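Visitor: Would you mind keeping the following structure in view while I ask a few things?
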Amino acid sequence: MSPRNIPQKTLESWKQIAGYLDRSERTVRRWEASEGLPVHRREHEKQDTVFAYRHEIEAWSRLHTKCPGPVPSEDATPAKASANAYLTEHDAITRTMHCYIAGARAGDGDLMRPAFHPSATISGYCQGVEYSGSVEHVFRWVAENGPAPNINPRFARIEIIETIAVVHLEVQRWSGKLAGANARASDVFTLLKCNGE
């Protein structure tokens, strides 16, 4: 296939992203801020430009679309069932992590809360200060920091081991009252599957 016949993998503006989702630019900007629509930014001297990967938009859209459960197929092989189970788990994990990302963007710790077990704990460093204890500290910090609309999150690793998952999330361009203008975060999350979720 010649390069010009290969479908474009990226959407290069709010207009293209909105057109791809068949929504207004205002709607997709709101989805990015409040629902974790995966939009990336290129830093320029005067004004940043946005872009999105089609496969990430499609995965996000699948996670945010309610549809009836699949009808079991008679010819489903164990390999297909195993691959589908992995993808289902992977999608559930990224959906959980997008609560965290949406809360960080909006500066609203309560948006993050559904991603965490009520007795979740944290351990690590924030701006050189060691923290450990309840995850409530994270919610308070995010609320005090305020919105960080230009954060650029990237999943560096997602590992699934039966009912446990380990997620390594790299976040660049975190801003706000506490973070400053261009902070970076490297977070590792351990997720536990409880009651099938």
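Visitor: Filter the stretch 117-146 down to the residues that are open to solvent by 80 Å² or more (accessible area, probe 1.4 Å) and either charged (D, E, K, R) or under 30 Å from residue 49 (Cβ atoms) (or both) and list them by number.
Guide: Scanning the stretch 117-146 gives 127, 130, 140, 144.
Visitor: Restricting to the stretch 63-106, give me the number of residues that are open to solvent by 70 Å² or more (accessible area, probe 1.4 Å), part of a helix (DSSP H, G or I) and modelled with pLDDT under 85.
Guide: 8
Visitor: State all residues of the stretch 107-116 that are open to solvent by less than 40 Å² (accessible area, probe 1.4 Å) and either assigned to a loop (DSSP other than H, G, I, E, B) or over 14 Å from residue 137 (Cα atoms) (or both); if no residue qualifies, say none.
Guide: 107, 115
Visitor: I've got another one for you. Inside the stretch 167-177, can you point out the residues that are open to solvent by 30 Å² or more (accessible area, probe 1.4 Å) and free of Cβ contacts under 8 Å to residues at least 40 places away in the same chain?
Guide: Across the stretch 167-177, the qualifying residues are 168, 172, 177.
Visitor: Considering only residues that are among the basic types (Lys, Arg) and under 17 Å from residue 172 (Cβ atoms), look in the stretch 10-59 and name the one that is least open to solvent (accessible area, probe 1.4 Å).
Guide: 41
Visitor: Any residue in the stretch 96-117 that's closer than 16 Å to residue 188 by Cβ: show its pairings with residues that are among the polar types (S, T, N, Q) at Cβ separation under 7 Å, as long as the two are six or more apart or on different chains.
Guide: 115/96
Visitor: Select, from 155, 189, the only residue that is open to solvent by 40 Å² or more (accessible area, probe 1.4 Å) and touching a residue at least 40 places away in the same chain (Cβ under 8 Å).
Guide: Every option except 155 fails the conditions.
Visitor: Do you know which residues across the stretch 145-178 are assigned to a loop (DSSP other than H, G, I, E, B) and farther than 15 Å from residue 101 by Cα?
Guide: 162, 163, 177, 178, listed by residue number.
Visitor: Something else: So, in the stretch 13-62, exactly how many residues are in contact (Cβ under 8 Å) with a residue 60 or more places away in the chain and assigned to a strand (DSSP E or B)?
Guide: Within the stretch 13-62, residues that are in contact (Cβ under 8 Å) with a residue 60 or more places away in the chain and assigned to a strand (DSSP E or B) number 2.
Visitor: Still on this structure, I have one more. Do we find that residue 195 is touching a residue at least 24 places away in the same chain (Cβ under 8 Å), of a type outside the set (A, V, I, L, M) and out of contact with any Ser or Thr (no Cβ under 7 Å at 6 or more places or on another chain) in this structure?
Guide: no
The values are calculated or read from the model by the stated rules, or taken from the named source; none is laboratory data. Quantities reported herein were computed from a predicted structural model and do not represent experimental measurements. Virtual Cβ from ideal backbone geometry, glycine too; neighbours counted across all protein chains shown. Note: accessible area is taken over every heavy atom of the protein model, side chains too, but ligands, DNA and RNA are not part of it. Shrake-Rupley method; radii C 1.70, N 1.55, O 1.52, S 1.80 Å.
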